[in-house]
Amino acid sequence: MDLDKLQTTLEELGQPAYRFKQIKLAMYQDLKEGFDSIENIPLTLRQDLDRLLSFNELILKTEQKSLDGSGKNLFFTHDDLAIESVLIKHGDGSRTVCVSTEAGCQIDCSFCATGHLGFKRVLSPSEIAEQVLSFSRELKAKGEKVTNVVFMGMGEPFLNYDNIKKAILLLNDKDGFNLGQRRISVSTSGIVPGIERFGAEDWQINLAISLHAPDNALRSRLMPINKTYPLEKLMPALDAYVAKNNRRLMIEYLLLGGINDSPRQADALADLIHAYGEILRLSVVNLIIYNPTKDSDGHWDRFRSPSLAALRAFEEILTKREIAWTRRASFGSDISGACGQLAGEVNSTH
Ligand code: SAH
Ligand code: SF4
């Protein structure tokens, strides 16, 4: 539901101010699925609202379940754009929802299925937040809850800053979804003005940077955004972010076999991090194994996953160079729900 529209509609209907909060709570905490089930507001109001507003901004089209317990939901917006979100179930009981922030993406990284779709439009705050509600309703039936939200689905969050900020605040809001700020993370491909704005916010939201290459030549080849914000602009911005916020930065490094996984490149990555004291002090390199995607012609495997030997050698060098790292367990690749595989069923069947 568009909450701005709700507010004006309630005013036009001459409703008392507390109704807004009541309805927001019903939607985001009681996880109601329609106006008709909000029993603490008058029946006539429910009927009026049902006539004047749509309760859900997203229409759930399909739900896929992965063997590892993860799930992927395909939604349509009211203007018929396909977007996807993923639920990742971890062994420790945490339940992470990965939300899309745009339909498609302007950045077009060469390894990413979303990028190959092209860009349709940014998503509204409610369209972003309601992806979380969809999984929450499903989990509630099993007595479980969403514990974390990551802005790592389709789209570049920092090219939709105003809306992702509103979505974050709504998810964090005590009268909204009421999720702790430390449980929310945003990943960017490296939009420097966005990083600066994010760092200036008065909040505890986590930041992740998709680095994927230790030098400009390779990074520009993989991620065209590097031509606009090359490493000599990006790295100082990240260093300043860590210095100011004193929060851990996650550096995502997607390992592409034969492209960026050599021992020389592991050393170059360590050199790059050692050159920025604050990043060195408070960052973790998150190694991601490449998940196969289709290119714009519908062909698979433009890139390949790294060999286990290359992965181990890479990790060993990082350890030797005293760089903190983790390996991201991949979830849901059997349903194309893993990172970078989100392309919308409609498109991936073409
Ligand atoms: N646009 C933002 C957030 C969404 S992408 C960003 O790029 O950071 C989320 C993560 O998935 C990024 O780190 C991205 O580089 C990674 N990713 C993209 N394609 C992938 C693939 N095929 N396999 C594994 N990870 C991929
Ligand atoms: Fe966009 Fe992120 Fe995919 Fe790059 S990796 S195309 S920035 S969604």
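The values are calculated or read from the model by the stated rules, or taken from the named source; none is laboratory data. Note that this is a predicted model, so its numbers are computed, not measured. Cβ coordinates were reconstructed from backbone atoms using ideal geometry, including for glycine residues, and neighbour counts include every protein chain displayed. The protein model used for the area step is the full one, side chains on, heavy atoms only, and it has no ligands, DNA or RNA in it. Shrake-Rupley method; radii C 1.70, N 1.55, O 1.52, S 1.80 Å.
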Virtual spin-label span in nm between residue 145 and residue 22, 7 Å along Cα→Cβ: 2.5
Cβ-derived FRET efficiency at R0 45 Å, residue 243 paired with residue 309, nearest 0.05: 0.75
Percent breakdown of C-alpha pair distances by 5 Å bin, ordered from the shortest bin, for region 100-256: 2, 9, 18, 21, 20, 15, 9, 4, 2, 0
Longest to shortest principal axis, alpha-carbon extents of region 8-109, angstrom: 48, 35, 21
Sequence of 281, 137, 221, 248 from largest to smallest accessible area, 1.4 Å probe: 221, 248, 281, 137
For residue 262, solvent-accessible area (1.4 Å; no DNA, RNA or ligand), Å²: 30
Positive-end residue, the chain charge dipole about Cα centroid, Cβ charges, pick of 319, 1, 284: 319
Area accessible to solvent at residue 188, 1.4 Å probe radius, in Å²: 0
With Cα atoms, 0 to 90° folded angle of helix 231-245 axis to the chain main axis: 60
Prolate/oblate/rounded call for region 1-55, Cα gyration tensor, a/c under 1.5 rounded: rounded
Cβ-based net charge around residue 99, under 11 Å, with every Lys or Arg adding one and every Asp or Glu removing one: -4
Length gained when the stretch residue 80-residue 316 is fully extended (0.36 nm per residue, less Cα-Cα span): 80.2 nm
Helix 3-12 axis, angle to the chain major axis (alpha carbon atoms, nearest 10°): 20
Degrees between helix 43-52 axis and first principal axis of the chain (Cα, 0 to 90, nearest 10): 50
List 102, 201, 322, ordered by accessible area with a 1.4 Å probe, largest first: 322, 201, 102
The chain - accessible surface per residue (Å², probe 1.4 Å): 44
Rounded to the nearest 10 Å², the accessible area of residue 166 at probe 1.4 Å: 110
Tensor-based shape of the chain (alpha-carbon gyration tensor, a/c under 1.5 rounded, otherwise prolate or oblate): prolate
Rounded percent of accessible protein surface that carbon and sulfur make up, region 60-218, 1.4 Å probe: 50
Inter-probe distance in nm under a simple model that places probes 7 Å from Cα toward Cβ, at residue 221 and residue 94: 3.5
Sites residue 30 and residue 327 - FRET efficiency at Förster radius 41 Å, r taken between beta-carbons, to 0.05: 0.60
Residue order for 267, 239 - accessible surface, 1.4 angstrom probe, largest first: 267, 239
Cα-projected label distance for residue 2 with residue 264, points at 7 Å along beta-carbon direction, nm: 5.5
Cβ-derived FRET efficiency at R0 45 Å, residue 282 paired with residue 121, nearest 0.05: 0.80
